[in-house]
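Report on the following structure.
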Amino acid sequence: MSTSSPGSGFARKTFEPDAVGPLDGVRVLDLSRLVAGNITTHVLADLGAEVIKVEKPGRGDDLRNWRTAGVAAWWQVYGRNKKSLALDLHRDEGRQILLRLAESAAVLVENFRPGTLEKKGLGPDVLLVRNAKLVVLRISGWGQTGPWRQKPGFGTLIEAFSGFAAMNGFADRPPVLPAFAMADAFAGLYGAIAALTALRAAEVGDGPGQVIDLSLIEPILAVLGPKAAEHRLTGRTSRRLGSRCDIQAPRDVYPTRDGRYVALSTGTQGMAERLFRAIGRPELVDDPRFRTNADRLAHRDEIEAIIAGFIGGRTRAEALAFFEAAEVTVGPVCDEADLAASAYVREREVLIELPDATMGALPMHNVIPRLSATAGLLRRPAPTLGEHNRDILSGAGFSAAEIDRLIATGVLG
């Protein structure tokens, strides 16, 4: 359910605790911390899975500590639709509770350093004895095998090692890391795909559960595309070209007369020719320097200067209106303030507002992707630490007295 939010213009959504999604009945035990695992289970939770965050008593998921102006915004976004169980896995009784919960789970997600689960007596061999159809998703920096399996693997190291930082930025400046948890995000999305694939395999033909070995390094290499092949073909490494690239020209970010920016891409020959005609330079279509994409790449500085000169004489609004009328692929470079003011973002409900105990209403992304027949849902806000201890354990057959004892002894937070 949504209503208009007069403060920001974003649609104001309400949580619907009884909503049912396509993954209803799928229980996920999430032992992960920070971004990659939380994105995996965030996707599953938005699609209706019962995601139980198993967190360390007293501290919880480290994502809770990523705060902006005192608000744990990262946790509020990626913790939505989940439940929290504060359970001490360092204690035998805590581990036995987890094994009991695993019997009714479909997926278990963890991102400890390889071997940690085994040391706790919770390795896949133990888990799969308890539940032969369980899917165990193991996320690590460098994978469960290989000489670097024990090497720490935060996303920053992966973004550097993968080649991304080396190709990002400008030639006369140092390599640039992404300004967000990119490697973790890619791995999180691959993790959701892998978990759903393994669930499908377990459902069809009464198949077994399995272990998924998901590193952070392999998804980012997959998303970067044919870089290894290009190096083999040319012997060259990727150059830092700023907003330009080695596969098409013109393509860049261009300043406008009012100090704003627009981005332009000519991914096809037809679009490049349309651009030349739109700016009143039809002769460039047959100019031998710019006739083909290869020609334009060889004379990149010259063609980019022509485009920059045309755009630089207009305000951003004028440039956008001009190119939209000409059906040329130019768009604004936006920041958060631009998105907040965007009619497109509001009307499509790309960003929405959800009730929040601290802010009253917290803006965040909507449920994605948009399925026409089996849509995702917004069931509950991100939980406080241990909020669902009693709900989860009573559902697993523990009495109120047993739960009280577990809390008193510190097994439950």
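Data overview
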item: Spatial separation of Cα centroids for segment 351-386 and segment 167-201, in angstrom; result: 23 Å
item: Shape category assigned to segment 31-110 from the gyration tensor of Cα positions, a/c cut at 1.5; result: oblate
item: Most mobile listed residue (S342, S162, S84) in the chain, GNM with C-alpha springs under 10 Å; result: S342
item: Most fluctuating residue given options L34, L47, L284, as computed from a GNM of the chain linking Cα atoms under 10 Å; result: L284
item: Charge dipole of the chain about the Cα centre (unit charges at C-beta), most positive-ward option of G58, I307, A278; result: G58
item: Size of charge dipole - the chain - debye, nearest 20, with Cβ of Lys, Arg +1 and Asp, Glu -1, no other charges; result: 640 debye
item: Along each principal axis, Cα extent of segment 298-398, largest first, Å; result: 73, 30, 28
item: Cα gyration tensor shape for segment 126-227, rounded if a/c is under 1.5, else prolate or oblate; result: prolate
item: Square roots of 5 times each gyration tensor eigenvalue, C-alpha, segment 112-180, largest first, Å; result: 36, 12, 8
item: Rounded if a/c under 1.5, otherwise prolate or oblate - segment 357-401, Cα gyration tensor axes; result: oblate
item: Calculated P(r) of segment 188-278 - Cα pairs past 21 Å, %; result: 61 percent
item: Using alpha carbons only: equivalent-ellipsoid semi-axes of the chain, gyration tensor based, whole Å; result: 47, 26, 18
item: Over 24 Å between alpha carbons, listed pairs K83/K151; K56/K133; K56/K83; K13/K83; K82/K151; K56/K119; result: K83/K151; K56/K133; K82/K151
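Every number in this text was worked out from the coordinates using simple rules, so none of it is lab data. Predicted model only: the values in this text are computed from it and were never measured. Reconstructed Cβ throughout: ideal geometry from the backbone, glycine too, with neighbour counts over all protein chains shown.
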